[in-house]
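Before any comments, here is the structure.
The values are calculated or read from the model by the stated rules, or taken from the named source; none is laboratory data. These numbers come from a predicted model, not from an experiment. We place every Cβ from the backbone using ideal geometry, glycine too, and count neighbours over all the protein chains shown. Areas reflect the complete protein model, heavy atoms only, side chains present, ligands, DNA and RNA absent. Shrake-Rupley method; radii C 1.70, N 1.55, O 1.52, S 1.80 Å.
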2 protein chains.
Amino acid sequence: MLSSADVIIVGGGLIGLGVAWRSAGRGLRVTVLDPSPGAGACAAAAGMLAPVTELHYGERSLLDLNLASAARFGDWAGELAGLTGRDIGYRTCGTVVAAWDGADLKDLRDLHAFQRELGLEAQLLTGREVRELEPNTAPGLPGGLLAAGDHQVDPRRLHTALGEVAIAAGVTMLPSRAVSAVVSRGRVSGVRLEDGTLISGDQVVLAGGAWIRELDGLPPQVLPAVRPVKGQTLHLRAADPGLITHVVRGSVRGRPVYLVPRDDGRVVVGASSEEAGFDTRPRAGAMYELLRDAQALVPGVSELEFEHVATGLRPGTPDNAPIIGATDLEGLSVAGGHYRNGVLLTPITADAMAQLLTEGAVPPELLAFSPRRFTASPQSIDRDQGAPAWN
Amino acid sequence: MLSSADVIIVGGGLIGLGVAWRSAGRGLRVTVLDPSPGAGACAAAAGMLAPVTELHYGERSLLDLNLASAARFGDWAGELAGLTGRDIGYRTCGTVVAAWDGADLKDLRDLHAFQRELGLEAQLLTGREVRELEPNTAPGLPGGLLAAGDHQVDPRRLHTALGEVAIAAGVTMLPSRAVSAVVSRGRVSGVRLEDGTLISGDQVVLAGGAWIRELDGLPPQVLPAVRPVKGQTLHLRAADPGLITHVVRGSVRGRPVYLVPRDDGRVVVGASSEEAGFDTRPRAGAMYELLRDAQALVPGVSELEFEHVATGLRPGTPDNAPIIGATDLEGLSVAGGHYRNGVLLTPITADAMAQLLTEGAVPPELLAFSPRRFTASPQSIDRDQGAPAWN
């Protein structure tokens, strides 16, 4: 036995590190296991903090969660800057949604009505207003929408800062792969590493993103219903900043695309969405489509320098909402399934999980995201029974 | 003074190394100067050996040169394999030119008539024949042309092999930048390196590709009329070989594109052609156009893995033909300006220059490519007089 901990967190991405930091801040001895922390979805994510423009019909409870987490980013940015001297790239830039054609504009008007009904801050724009806000958008776009409160953060910078504050708070980071959970007398009591080492712990948190099910030794019904959803982002760079100043997004002939401008002239273009298992190879066709659609909204993209393409696997769930909370197996909890909102939901997930790990329950507004929502009928998430939507 | 040589070659790309190898083989003491050999156009080139499908009206003498050099590749591949044990990727794969539309097919028919008039091996194809030769080309292409003698080589492998045989033949490779030529009593007598070191030599060969004019101390009228023409190639990879088996090229809505398949499943897609000075940043818009046009000819390109984008600078000349031979300055010769045909023309350039350096003259068939063809009126290549086409 190498060591023991109050809490073992399997996964050192944004979620794992956020939970580790906040839990250590509440006095827990925390160990994070990850052979390559931050190499998952975080490495490809653009970092949009977009509860309003990511609003989907029928996902009302997710909207509230997204809004609540977005509201914490200002404080997090300040706190992390104070502790590390690092700027995590939190920018209150706002988001312009550009309509591609008349049908698209009609959809945006419907969405805007829904947003207003929910009390969200959003403003319809004429084509002229879109061009005033973003002069480098394509001429002739028929209109759009401004979500002045949809911002951005730099996921890689955030991850670096979280790693530093976690370590400063006493978290043990082990660059090792957890291969199996140790379950005895009906509860989890630790995990075993690739080299056979056992780490004992009172509580184990699954925070492995798209790979969250890759831990042997657990009853199938407690494994979170997560599937990988491949996403590619293109990382481009302008000689000078100023091509765009807001996040610019839209749906070009039905295909969503966004452009996130950084202070230094970099522009992140995303994102493909592909059901391709654990394949993380960048696909030429996805790059083509992103370039085509980004250029359609902002023609000057063609003159940007290509730096690299990044591929990540989003942890998708059957209802597109995250899975946060205790499982039916004592000592085992989940902080996963964040799908498109992992960066955005890092603060609220970290705080909710820290509360769960110290007080035994998440805040009431998180109850809707319990892992147990899928296990009323356990077979439905039994791997062997087959559940094609996510398995 | 560091050393002396019979011949100093400024530039260690394919041309410089080829000339060095062949000259050392004739008993000359050769020194090659290049801070990063092979990092120029060679790093981006696809390696098409395509005298027939690169035929352009009005470039008859270039055609003969291209054909003569292409004919030497089989022997070169064998000789280099024998000396180094390396396979330079010479493949007698043939080239299929696919017509994109009816107008394009008409152009191909005209080109074919011209090719036949010149006695070249080329065969018109129906759409069905194109698909029989290359089943993964787009359905509905109206026809094409087979140039069974247009092959390929791997430029990076060729460069590695040439470096080895040059060294084995006694060539001195210095990873240093030549900054100026030393001219005294009306002839060149050596070059000076960045650190001030002088290398004396009876003959100096300019073989610096697009950077060939970057040597101080020479009379402007002997600097070759070379300008950089930026080209980008995409390096893709299939899980299995077999997407295409010939080089496939075409002109999609007037934009030339080609796909070169390697044995291991890699496919090189090229090439943009941009007048952008010495800018070598990969441009997003060029990548988009290459992906678009390559997919138009071979839709399965969309499923290939993206490995990297390479950018090179072709050494363009006013008449698109290379500049090979002695200059008006005694002791100074040029092996440059190979534009789109640097890989293809490496063997004949190497042999012709070795002959020049040992016997005082290039073979008669190379006389048309003399540096002196631009200097009948010296002002025409005087940098200060301005020659917008290439300056």
Exercise. What is the one condition in (1) away from chain B (no Cβ under 14 Å); (2) in contact (Cβ under 8 Å) with a residue 24 or more places away in the chain; (3) farther than 24 Å from A:Asp154 by Cα that A:Ser273 does not satisfy?
Worked result: (3)
Seminar exercise, completed: If we ask which residues in region A:186-199 are under 22 Å from A:Ala361 (Cα atoms) and open to solvent by 10 Å² or more (accessible area, probe 1.4 Å), their number turns out to be 3
Exercise. Only one residue in B:Leu345, B:Leu329 is surrounded by fewer than 23 Cβ atoms within 10 Å (Cβ to Cβ) and in contact (Cβ under 8 Å) with a residue 60 or more places away in the chain, so which one is that?
Worked result: B:Leu329
Exercise. Which strands (runs of 3 or more DSSP E) sit wholly inside region A:211-267 and have at least 1 residues that are of a type in the set (S, T, N, Q)?
Worked result: A:227-237, A:247-252
Exercise. In this structure, does A:Ala161 turn out to be touching a residue at least 12 places away in the same chain (Cβ under 8 Å) and either open to solvent by less than 10 Å² (accessible area, probe 1.4 Å) or touching a Pro at 6+ places or on another chain (Cβ under 7 Å) (or both)?
Worked result: yes
For this session: Six or more apart or on different chains, Cβ under 7 Å: which pairs go from a residue in region A:214-237 that's free of Cβ contacts under 8 Å to residues at least 24 places away in the same chain to one that's open to solvent by less than 10 Å² (accessible area, probe 1.4 Å) and in a strand (DSSP E or B)? Could you list them?
Result: none
Seminar exercise, completed: Across (1) in contact (Cβ under 8 Å) with a residue 24 or more places away in the chain; (2) open to solvent by 70 Å² or more (accessible area, probe 1.4 Å), B:Glu132 clears everything bar (1)
For this session: List every residue pair whose Cβ atoms lie under 6 Å apart, where the two residues are 6 or more positions apart in sequence or sit on different chains, the first residue falls within region B:28-40 and is assigned by TED's automatic domain parsing to the domain that holds B:Gly170, and the second residue, located anywhere, is of a type in the set (Ser, Thr, Tyr) and in a loop (DSSP other than H, G, I, E, B).
Result: B:Leu33/B:Ser176
Problem set entry | Test: residue in region A:212-234 that is within 14 Å of chain B (Cβ to nearest Cβ), closer than 22 Å to A:Glu134 by Cβ and crowded, with 17+ Cβ neighbours inside 10 Å | yes
Exercise. From B:Ala113, B:Ala161, B:Ala138, which residue is outside the structural domain of B:Val268 (by TED's automatic domain parsing) and either modelled with pLDDT of 95 or more or farther than 30 Å from B:Gly82 by Cβ (or both)?
Worked result: B:Ala161
Exercise. Which of the residues spanning region B:68-104 are buried (at least 18 other Cβ atoms within 10 Å of the Cβ) and free of Cβ contacts under 8 Å to residues at least 24 places away in the same chain?
Worked result: none
Exercise. So which of B:Gly250, B:Gly254 is of a type outside the set (D, E, K, R), buried (at least 23 other Cβ atoms within 10 Å of the Cβ) and under 21 Å from B:Arg340 (Cβ atoms)?
Worked result: B:Gly250
For this session: Go through region B:61-100 residue by residue and tally those that are over 26 Å from B:Asp264 (Cα atoms), hydrophobic (A, V, I, L, M, F, W, C) and touching a helix residue (DSSP H, G or I) at 6+ places or on another chain (Cβ under 9 Å).
Result: 5
Problem set entry | Filtered residues of region A:284-302 (kept if at the interface with another protein chain (Cβ under 7 Å from one of its Cβ atoms), surrounded by fewer than 23 Cβ atoms within 10 Å (Cβ to Cβ) and in contact (Cβ under 8 Å) with a residue 24 or more places away in the chain) | A:Arg292
Problem set entry | Breaking point among (1) of a type in the set (A, V, I, L, M, F, W, C); (2) part of a loop (DSSP other than H, G, I, E, B); (3) out of contact with any helix residue (DSSP H, G or I) (no Cβ under 6 Å at 6 or more places or on another chain); (4) surrounded by 22 or more Cβ atoms within 10 Å (Cβ to Cβ), for B:Ala39 | (4)
For this session: Take A:Arg314 and decide whether it is more than 9 Å from chain B (Cβ to nearest Cβ), under 21 Å from the mean Cα position of the chain (by Cα) and open to solvent by 10 Å² or more (accessible area, probe 1.4 Å).
Result: yes
